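Down below is the structure, laid out as structure tokens.
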């Protein structure tokens, strides 16, 4: 049985991720060309290096320490999914809260964990007074299918810091 709970900054360390499998085989991605979204061949394997884990750990700790939201799924006591939402609203009338990460371990995908995590993030942002979640999401067709199933659409206003950091990500929003 999967158990969900909020994470605390002091428990976020490399050991927490020891049985988390980031691995994703990507074959096709969405790309915006001439103002239209198309699917293109873009094969690669997405996985995290040790350096990526250290960056992730620092980011998740910072999210918690700055009063953001980090919520996780555990199966048999092992971390199998997590979501994070930053604490600051941006986008003026859009009232965006930034969903900064959502990941499910490869061995636990397609079991509803991502949906539960996403809905928890939406509820947290709504309780804080937000109007929409902002998501700078991987452009892989599988990732985009998940967000579409959650009611996400292309963001009305792009967050330029995300666009500059990950130019191939899709910029999405989801009404709370």
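For the chain, state the semi-axes of the equivalent ellipsoid (square roots of 5 times the eigenvalues of the alpha-carbon gyration tensor), sorted largest first and rounded to whole angstrom.
24, 21, 15
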If neighbour count is taken as other Cβ atoms inside 10 Å, put 46, 98, 92 in order from fewest to most.
92, 46, 98
In nanometres, what is the gap between the two model label sites at residue 90 and residue 38, each 7 Å from Cα along Cα-to-Cβ?
3.0
Would you kindly state how much longer the chain becomes between residue 127 and residue 111 on full extension, computed as 0.36 nm times their sequence separation minus their alpha carbon distance, in nm to one decimal?
3.1 nm
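At 0.36 nm per residue, minus the direct Cα-Cα distance, what do residue 8 and residue 49 gain on full extension? Give it in nm, one decimal, please.
Working: separation 41, 0.36 × 41 = 14.76 nm, distance 2.33 nm.
Extending this stretch completely gives an extra 12.4 nm.
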So for 105, 66, fewest C-beta neighbours within 10 Å to most, what's the order?
66, 105
Arrange 65, 60 by Cβ neighbour counts within 10 Å, fewest through most, would you?
65, 60
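Values quoted throughout were computed directly from the atomic coordinates according to the rules given, and no laboratory measurement underlies them. For clarity, every value in this text was computed on a predicted model and none was experimentally measured. Ideal geometry is used to build each Cβ from the backbone, glycine not excepted, and the neighbour counts take in all protein chains shown.
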